[in-house]
Amino acid sequence: MFKNYFTIALRNIKRHRSHSVINIAGLAIALAATIVIFLVLQHEYSYDTYHKNADRIYQVIKKDVSPTETGFQVGVPFPATRALRQDFPQVTFGELYKSFGSQLTVMKDPNTISSRRFIEESGVFFADPEIFSIFDVKWMAGSAAVLKEPGKLVLAKSIAEKYFGTWQSAMDGYLKIDNNILVQVAGIIEDVPSNSDFPFAVIPSYKTFESNQQYFNYGEQINDWGLSTSDHQVYALLPENMKAASIDANLETFSRKYYRMESATKTSHFLQPLKNIHFDTRLENNGDHISNKTSLNTLALIGVLIVLMACINFINLSTALAAKRGKEVGIRKVMGSSKTQLRTQVLFETGLIVLFAGMTAVLLAWLALPYLRYIADIQQQLTLINTGSILFLVITLVVTTILAGFYPSLILSSFQPVEAIKNKINNTRVGGLSLRRVLVVLQFAFSQLLIIATIIAVGQMNFIRTADIGFDKEAVLLLQGNNDSTSLARQAAFKSDLLKLPAVKSVSFTMDPPSSLNSWTTNFAFNNNTEDLPFSLYLKTGDEHYAGTFGMNLLAGRFYTTADSARKVVINETLMQKVGIKEPSEAIGKTIRIGAGKFREIVGVVRDFKNNSLRDGIQPTAIISYPAFYSLTAIKLKSNNLGKSGEAIQQVWDKHYPEYAAETRFLDESINEFYQQEERLSRLYKVYATLAIIISCLGLYGLVSFMAVQKNKEVGIRKVLGASVGSIVYLFSKEFTVLILIAFALAAPAGWYLMNNWLQNFTYRIDIGAWVFILAVLASVIIAWLTVGYKAISAATANPVKSLKSE
Amino acid sequence: MIKISNLEKIYRTEDVETVALNKLSFEVKDGEFVAVMGPSGCGKSTLLNILGLLDDPDSGSFLFNGIEVAGFNERKRADLRKRNIGFVFQSFNLIDELTVFENVELPLIYTGVKAAERKKIVEDVLDKMVIMHRRNHYPQQLSGGQQQRVAVARAVVNNPKLILADEPTGNLDSSNGNEVMQLLTDLNEQGTTIVMVTHSEHDARYSHRIIRMLDGQTVMQDLMV
Ligand SMILES: Nc1ncnc2c1ncn2[C@@H]1O[C@H](COP(=O)(O)OP(=O)(O)OP(=O)(O)O)[C@@H](O)[C@H]1O
Ligand SMILES: [Mg+2]
């Protein structure tokens, strides 16, 4: 029986070659797209699931509720760990201190300085041994116990090999952290899997951090419950059967016990499950990116819709073809075939086509995977074939077969044998054109939706790229250094050498450029009031050349100078308005108290500049001088073209900071990086809009070629009676144009609604103009005409005698 | 074998009612060879479709081997049909996508005969119909006469008790037509009951009895000598 199905299926596929190609191509593209989407989702949802206690691991989160806002921080005050351990003895707590951009110097022995220096952007964690009772790592040498002592460190295998050649020789070797802290390698772990938000690579003991306090600039505040930094984090492993909710309840009491409750901001803690850490966009994490669940869901939805579109093609084409197969079905019925047997046969054929498509799809997905990182936030190369993806593929193929084959099988098997044999099955009997019309409308609606989304996303990204950010980001080179006392001491000499270079216009020492993803906020009071204002003040720090180097515009007053920088402050327009001042000049001479410090006099007001990305609004900001934090050197160049001066700057750096590796980047590049996610998203829309258009055009092409066959006789008669080619092409395109317009009526409001929502992510955004929709509908009409036109013209120019004779 | 009485079939379209069969009654005995004749549109094909259980009468009784089958549902009819009845059509009705062998094999597949056995039976029949050398050809590669021989082979492959033939020679020239008529006669002599619709007095003479129809009714029955 199945051999018979198989033979006839294969022959049918061959016989209706063009239909089969369209079906297989459409399905293959759609399936490849979904396989890729599946791999992305699989990867994102696999983050940190490999820890054997994954469902019992939590991060301690700090929640600050003020009258105007609620903030969430991953940073926990330093004394909290000990208090937590005391008050929750049944829970295992582990703490770590994360260090960004640490420089590590490899040492043969503890006394000789070597020139083997490495900067690690991420992966440096001062951790206590408990961290590794919570998180799983594989020990190749040593154990978590080595982290009990100060001056010890654990390396990941690949880092050990990078520093020491082989990991075996790394054991007992020495490293110097930021030229100050000497540590000895006491353990090696296997590299952490890439799907982890805890990329442990260089792990000095937490005790090392504690015993080298002087290098971390926290001073006495380290024991203060009021201080927290996102670098100091605490994790918890709950005993089995303990609910996080019960701990959360007790954490309320805990917070009341340790935090000053009279302050306007109420601080408390709660436990965040490990499985949420990768997706919580309110919080930062230690991995390479945070995933937005909404984006992932959108992606999944797009995948499903694309497969549905391909199924619609399939249904349309096979029901169109059904009329042709009426005779075969009729004969089979006369010969005694039951309905079930016929249905099985149709499903079998569908399955075979879907299987071909599936195989093609795997190939396409394999070809596409290397390009994935352009559209998804995934740097690793994903593996195409794994248990999950095979299972997914099998399920998708089965579901697709049923979706695509079920309706055609119902239609075919319901033919009356007598009529079928007499070839009386015509189109109106096979679900009619009306169903097919509905399906085509749906398809077009979806591709138009994607076209609209693409136009808007691309427009918004262009807007952001060219938007006025309130300062000059061009030709500013940033050099990341350190703010230890030796480094700071050499700054003046370093600067004067830099200024001798012909390419350098000005130099400023700072902690942060005006636009950055870091934010430093504090409580503050205005104009000698004792009461704090009920909103946070954002701080930027820089020396007296900050405004000049970054091309900021003063609206009133002046920038602080070398002489008065410690006592003066410059504010932005937003802060001025928020404290109720209308005219910039009126702000001059008023005072601000930053944190618990002294009141400083306002000497200038600068035009608003974008503190963060354009997603966020402009915050009330003050610019102050704070030399202890100046680890960044900003160099304004005379032209954007670095050329030879790059080397010259490097030489000056090496002269003054021989023990540090220089890390340089251009400001405009780092600002563009803020929008990586959006850039990827708009690229993603482009890709999927293109796919959707291809799939719907394939379907349209199939339908029109079917129509051409069907209308063969009509076209022949019309031509004999004198119809022109144009009028016949019109006969074909008229209907589809109407369908596209109906689809547009669905897609336009949906597109407006969705993209308007998306734009709400940006404080600065484009208006959605009518032209977006006009462009979308024109694009799809033109694409459809091109698709239809070819077939229509060949039908219209065919010899009428032939088409009439064949009837 | 067949006994119909007061059989009625009415086709209703939007505005016209066509009485295709009007209280038709007759009987066909086991082993008979009956020809049905009459002008175009008098209801011959309709009758044959009902006899072949492809269609259901609107009223009247139809005893097949003594069982009342009028009112059987589709599944029951298909079941009875595939084991008892073979069909030969004017336009052959072979499946274009299947070879000669596969076309003839089809009824056996639907009655669930095992593959090895099927092969033997089909080859036997093709031998008998002298079409064995064409077993791997597709219908379009054959002449009309050859196609009809394949169709007859397919009709008899299941050893049906009854063969229904609707103008089996209608699309054939006289020599090919005679060949097919000879095949049917041979089958009849081996015991198969045959009901054949024809416009040809010549072909009708192969039968034992002619039923003449007019406007859905029998007008007379000629017994052949
Ligand atoms: N599906 C149908 N719908 C409506 N009327 C039908 C249908 N099939 C047949 N008829 C009508 O029923 C009558 C009998 O048709 P039938 O096909 O049985 O005639 P016939 O005797 O076989 O004619 P011919 O010798 O031309 O084949 C005719 O008037 C025909 O128009
Ligand atoms: Mg007829």
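For the range B:61-198, what does the alpha-carbon gyration tensor say about shape, rounded, prolate or oblate, given a ≥ b ≥ c as the root eigenvalues, a/c under 1.5 as rounded, and a/b over b/c as prolate?
Because a/c hits 1.5 or more and a/b fails to exceed b/c, the range B:61-198 counts as oblate.
Looking at the protein assembly as shown, send over the antiparallel percent of its DSSP beta bridges, to the nearest 5.
75
Which whole-number percent gives the relative contact order of the range A:58-277, counting Cα pairs below 8 Å spaced six or more residues apart?
33
Specify the inter-centroid distance of the range A:552-613 and the range A:261-326, based on alpha-carbon positions, in whole Å.
Centre-to-centre distance over Cα atoms comes out at 44 Å.
What is the mean number of Cβ atoms from other protein chains located within 10 Å of the Cβ atom of each residue in peptide A:335-343, rounded to a whole number?
Values: counts 19, 17, 6, 6, 3, 1, 3, 0, 0.
Mean number of neighbouring Cβ atoms from other chains: 6.
Using the Cα centre of the range A:482-659 as the reference point, and only Cβ charges (+1 on K/R, -1 on D/E), how large is the resulting charge dipole? Debye, rounded to the nearest 20.
360
Per DSSP helix of 4 or more residues, -39500 (n - 2.57); summed, then divided by the residues of chain B. What does that give at 222 nm, rounded to the nearest 500?
Value at 222 nm, helices only, nearest 500: -10500 deg cm²/dmol.
What does the charge dipole of chain B about its Cα centre add up to, to the nearest 20 debye, if the Cβ of each Lys and Arg holds +1 and the Cβ of each Asp and Glu holds -1?
680
Give the residue from A:His16, A:Thr70, A:Ser102 lying farthest towards the positive end of the charge dipole for the protein assembly as shown; charges sit on Cβ (+1 for Lys and Arg, -1 for Asp and Glu) and the dipole is referred to the Cα centre.
A:His16
For chain A, what is the relative contact order in percent, using Cα pairs closer than 8 Å and at least 6 residues apart in sequence? Each step should come with its number before you reach the end.
On the way: 1395 pairs, mean separation 120.2, N = 807.
Result for chain A is 15 percent.
Karplus couplings for the range A:541-551 from phi (6.51 cos²θ - 1.76 cosθ + 1.60, θ = phi - 60°), rounded to Hz, Gly and Pro as x?
10, x, 7, 5, 9, 4, 4, x, 4, 9, x
Projecting each Cα onto the charge dipole of chain A (Lys/Arg +1, Asp/Glu -1 at the beta carbon, about the Cα centre), which of A:Val458, A:Leu478, A:Ala692 comes out farthest on the positive side?
Highest projection toward the positive end goes to A:Ala692.
Quick check: the angle from helix B:174-189's long axis to the longest principal axis of chain B, C-alpha only, nearest 10 degrees?
So the helix axis and the longest Cα principal axis differ by about 80 degrees.
Enumerate the amide H contacts of B:Ala35 below 5 Å, restricted to partners 5 or more residues apart or on another chain; note that Pro and chain-start residues carry no placed amide H.
B:Met196, B:His208, B:Arg209, B:Ile210, B:Ile211
How would you classify the range A:61-124 from its alpha-carbon gyration tensor, with a ≥ b ≥ c the square roots of the eigenvalues: rounded for a/c under 1.5, else prolate if a/b is greater than b/c, otherwise oblate? Intermediate results must be reported in sequence, preceding the final value.
Details: a/c = 4.35, a/b = 1.92, b/c = 2.26.
Note, shape of the range A:61-124 comes out oblate.
List the pairs from A:Lys568/A:Lys636; A:Lys162/A:Lys293; A:Lys266/A:Lys598 whose alpha-carbon separation is above 26 Å, in the order I gave them.
Table pairs above 26 Å Cα-Cα are A:Lys162/A:Lys293.
Given contacts defined as C-alpha pairs under 8 Å and at least six residues apart, what's the relative contact order of the range A:482-659, whole-number percent?
Contact order relative to length: 34 percent.
Packing-wise, with mean Cβ within 10 Å as the measure, how do A:354-361, A:11-18, B:74-81 rank, highest first? Each step should come with its number before you reach the end.
Numbers: A:354-361: 21.0, A:11-18: 14.6, B:74-81: 17.5.
Ranking the peptides A:354-361, A:11-18, B:74-81 by packing returns A:354-361, B:74-81, A:11-18.
Between the range A:375-413 and the range A:438-499, what is the separation of their alpha carbon centroids in Å?
37
What is the mean number of Cβ atoms from other protein chains located within 10 Å of the Cβ atom of each residue in peptide B:89-97, rounded to a whole number? Don't skip to the end; give the middle numbers.
Values: counts 4, 0, 4, 1, 9, 3, 10, 5, 10.
Taking the mean over all residues of the peptide, I get 5.
If you place +1 on the Cβ of every Lys and Arg, -1 on the Cβ of every Asp and Glu, and leave all else neutral, what size is the dipole of the protein assembly as shown about its Cα centre, to the nearest 20 Debye?
Details: 104 positive and 96 negative charges, 413 e Å.
Dipole of the protein assembly as shown, to the nearest 20 debye: 1980 debye.
List, in order, the whole-Hz ³J(HN,Hα) value for each residue of the range B:112-119 obtained from phi through the Karplus relation with A = 6.51, B = -1.76, C = 1.60 and θ = phi - 60°; use x for Gly and Pro.
Residue by residue, the range B:112-119 yields x, 6, 5, 4, 4, 5, 4, 4 Hz.
Using the membrane-span-like helix rule (whole DSSP H runs, Cα extent along the own axis of at least 18 Å, mean Kyte-Doolittle hydropathy at least 0.0), which helices of chain A qualify?
A:17-45, A:293-334, A:339-368, A:387-413, A:432-466, A:676-710, A:725-759, A:770-796
Arrange the following residues from fewest to most other Cβ atoms within 10 Å of their Cβ: A:Trp771, A:Trp167, A:Trp785.
With the sparsest Cβ surroundings first, the list reads A:Trp771, A:Trp785, A:Trp167.
Could you work out [θ]222 nm for chain A from helices alone, using -39500 (n - 2.57) per DSSP H run of at least four and dividing by all its residues? Round to the nearest 500 deg cm²/dmol.
-16000 deg cm²/dmol
Taking neighbour Cβ counts within 10 Å as the exposure measure, how do A:Glu531, B:Glu179 sort from fewest upward?
Details: A:Glu531 8, B:Glu179 18.
Placing the least packed residue first, the sequence is A:Glu531, B:Glu179.
What ranking of A:Met171, A:Met309, B:Met220 emerges when the number of other C-beta atoms within 10 Å of each C-beta is taken as an exposure proxy, fewest first? Let's see the in-between values first.
Working: A:Met171 18, A:Met309 27, B:Met220 9.
The order, fewest Cβ neighbours first, is B:Met220, A:Met171, A:Met309.
Rounded to whole Hz and in sequence order, give me ³J(HN,Hα) for the range B:150-155 from the Karplus expression 6.51 cos²θ - 1.76 cosθ + 1.60, θ = phi - 60°, writing x for Gly and Pro.
4, 4, 5, 4, 5, 5
Which one of A:Pro620, A:Ala503, A:Val570 is farthest out on the positive end of the charge dipole of the protein assembly as shown, using unit charges on Cβ (Lys, Arg +1; Asp, Glu -1) and the Cα centre as origin?
Positive-most Cα among the choices belongs to A:Ala503.
Kirkwood Rh, the protein assembly as shown, all Cα pairs: how many Å? Don't skip to the answer; put the middle values down first.
Details: mean 1/r = 0.0277 Å⁻¹.
In the protein assembly as shown this quantity evaluates to 36.1 Å.
Between the alpha-carbon centers of the range A:137-161 and the range B:13-88, tell me the distance in whole angstrom.
Centre-to-centre distance over Cα atoms comes out at 90 Å.
Values in this text are rule-based calculations from the coordinates and carry no lab data. Because the structure is a prediction, the values reported are computed rather than measured. Glycine also receives a Cβ, built like all others from the backbone with ideal geometry; neighbour counts cover every protein chain displayed.
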